[in-house]
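The values are calculated or read from the model by the stated rules, or taken from the named source; none is laboratory data. The shown structure was predicted, so the numbers you read here are calculated from the model rather than taken from an experiment. Here the Cβ positions follow ideal geometry from the backbone for every residue, glycine too, while neighbour counts run over all protein chains shown.
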């Protein structure tokens, strides 16, 4: 060795000799434990091998410099230590990934009492300072406090840190490794390495069960809510994320009434586990009646007339008097239950083949009846029921739930009612009076439903089925036959009406086809009527005109007549005067002539003959008479030597009468009767006699 040193001194020189000496010293220091290098990515846990103070009396960590594991840690760098006194254990830094949780297990500290599950400290601690943890009275075992994201320089001889990826520890013995692995597995099963995340889309809440703290009082099944006031930070545990404050506020172990809603919660799963359950959803058309299993005993709010149970206020034990209205509620179903009661009309069907949407009637069947005429049909029914939302708690308090109400009360009541109705009617009456029975049952059963805080809306009766007897089909066949006959009568009547309508239609169609002609004729009639009216108007005008002209002409004629009459009268007077004078003169002349010719008879005969001759000349009659008039041999002679009545005069009269009768025969006039002929003869005789001289 000396030769080697001498050779090195001569060869390397003084500088290199110094370097070599230092290296040798460092090598010897490392070899003896006096010098220790710790990388920055690790920490060193110092274990004191011997000490003048001796060994520690209790625990694992040497708090007073005794031999054993020291509370402090060695960070990165070179550390000079007493050679051969320390052993340094290089361990990794503890790293908690983002969004994960680390659990701490303390190997040394105050022992846990029998009533405590997790270790704690009087104040929040830094697990990087084991000495401070021990001075603060930190307890050994799993800790309530957790590690959040980050990197920690932890004394792994004092603390064991469990993460999702690995267990950070300084192994002391083989059995401890298995214990720590089991603890990590338990935490993993509870999902404890990750925070509790409740998303709004899931419509869930978290029910918390605390595993540390004082036990519940006798009679309680769920722990009440504590420390939920943010204005009191000393007891506000922020939904179980600070176990120390939770316990300080009076929190107890067991299932908690307070629940977790949407959010992220960093909860120590060794302290409290979380169970996710659905929110309580009260759909529209329903209310939720709350039956609470916890809370204080409240005052009965049901009223004096209600004797079926008590209703209490909100957050009290029992049936709450106010139901939950439609919505979503973070209701802890371990602390009570919510019974949904429909507030819309729901149908109960007494029919095995049909079931309502609420399933309240799934055990109902048709009502078996016995009619008055001994038929046994089965009657299907449907009953429409409504529950007032304010009376829903009364219904639940009385019956427990709607299905029990239906099966234990409504079913026997409705069945008995219709059995009684069937006994008063024959089967045909039951079929034919269905509408009346349905209406009457609705009125009578409404009062019975009111007794159970229900509102009966309507009763619907179906068609009876064969039931036990099996003869209802025969009755139905008979009724159908009757109905078919009635329908045939109605059909024939309608066909007859249809035929009449068809005939009217045909007439209308024919009329429509001739409508142009009808219209033209009607227009022609109208035109002619208007023309007639015009002609009538013109005729009336002409008549009025003619009447006016006639009146004027009549007046003219009257005036002219009056003038002419006066003229004639004057002329007649003058003529009469002249005639009178002429007559007188003629009379005087005639008288003289008569006297001259032999008397008046002769004169008369002469005048008559003269006039007769003039008449024959004007009439142009035969000169030879057709009738011979003459006296017979025995005829008497005229007296006085002149013409007698049976002589020439009579002959003339006979001739004139004969001519007169001939003339009448020619013109078609009937011959005069005998009295008329006699009168004519007398008239002529009178005229002749008046003209005779004797008359003169």
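Among the residues of region 226-248, those identified as surrounded by 14 or more Cβ atoms within 10 Å (Cβ to Cβ) and assigned to a loop (DSSP other than H, G, I, E, B) are 226, 227, 235, 236, 237, 238, 239, 240, 241, 242. Out of 218, 214, one residue alone is loosely packed, with under 13 Cβ neighbours inside 10 Å and either assigned by TED's automatic domain parsing to the domain that holds residue 329 or assigned to a loop (DSSP other than H, G, I, E, B) (or both). It is 218. Of the residues making up region 64-88, those that are surrounded by fewer than 17 Cβ atoms within 10 Å (Cβ to Cβ) and touching a residue at least 40 places away in the same chain (Cβ under 8 Å) are 72, 75, 77, 78, 79, 80, 82, 83, 84, 85, 87. Residue under question is residue 375, and the condition is that it be closer than 22 Å to residue 450 by Cα, in the same structural domain as residue 288 (by TED's automatic domain parsing) and in contact with a helix residue (DSSP H, G or I) (Cβ under 6 Å, 6 or more places away or on another chain); does it hold? It is false that residue 375 is closer than 22 Å to residue 450 by Cα, in the same structural domain as residue 288 (by TED's automatic domain parsing) and in contact with a helix residue (DSSP H, G or I) (Cβ under 6 Å, 6 or more places away or on another chain).
Determine whether residue 406 is assigned to a helix (DSSP H, G or I), surrounded by 18 or more Cβ atoms within 10 Å (Cβ to Cβ) and touching a helix residue (DSSP H, G or I) at 6+ places or on another chain (Cβ under 8 Å). So residue 406 fails the test.
Conditions tested, residue by residue: (1) over 21 Å from residue 251 (Cβ atoms); (2) free of Cβ contacts under 8 Å to residues at least 24 places away in the same chain; (3) outside any helix (DSSP H, G or I).
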site: 112; (1), (2), (3): no, no, yes
site: 128; (1), (2), (3): yes, no, yes
site: 131; (1), (2), (3): yes, no, no
site: 146; (1), (2), (3): no, no, yes
site: 155; (1), (2), (3): yes, no, yes
site: 180; (1), (2), (3): yes, no, no
site: 207; (1), (2), (3): no, no, yes
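One residue stands out among those in region 356-386 that are surrounded by 15 or more Cβ atoms within 10 Å (Cβ to Cβ) and without any contact (Cβ under 8 Å) to a residue 40 or more places away in the chain: the one that is farthest from the chain's Cα centre (by Cα), which is 365.
The condition of being exposed (fewer than 10 other Cβ atoms within 10 Å of the Cβ) and either in a helix (DSSP H, G or I) or under 27 Å from the mean Cα position of the chain (by Cα) (or both) holds for only one of 497, 435, 481, that being 435. When restricted to residues that are loosely packed, with under 12 Cβ neighbours inside 10 Å and not in a loop (DSSP other than H, G, I, E, B), region 182-205 contains 5. Return yes or no: is residue 136 under 28 Å from residue 40 (Cα atoms), out of contact with any strand residue (DSSP E or B) (no Cβ under 6 Å at 6 or more places or on another chain) and surrounded by fewer than 19 Cβ atoms within 10 Å (Cβ to Cβ)? Judged against the criteria, residue 136 is not a match. Can you tell which of 263, 219, 295 is within 51 Å of the chain's Cα centre (by Cα) and modelled with pLDDT under 90? The conditions single out 295. Can you name the residue in region 33-49 that is within 13 Å of residue 85 (Cα to Cα) and at pLDDT 80 or above and, of all such residues, is surrounded by the fewest Cβ atoms within 10 Å (Cβ to Cβ)? Looking at residues that are within 13 Å of residue 85 (Cα to Cα) and at pLDDT 80 or above, I get 49. Scanning region 89-110 for residues that are in contact with a strand residue (DSSP E or B) (Cβ under 6 Å, 6 or more places away or on another chain), in contact (Cβ under 8 Å) with a residue 60 or more places away in the chain and part of a loop (DSSP other than H, G, I, E, B) yields a count of 2. Scanning region 409-425 for residues that are in contact with a strand residue (DSSP E or B) (Cβ under 8 Å, 6 or more places away or on another chain) and either surrounded by 20 or more Cβ atoms within 10 Å (Cβ to Cβ) or not in a helix (DSSP H, G or I) (or both) turns up 410, 414, 418, 422.
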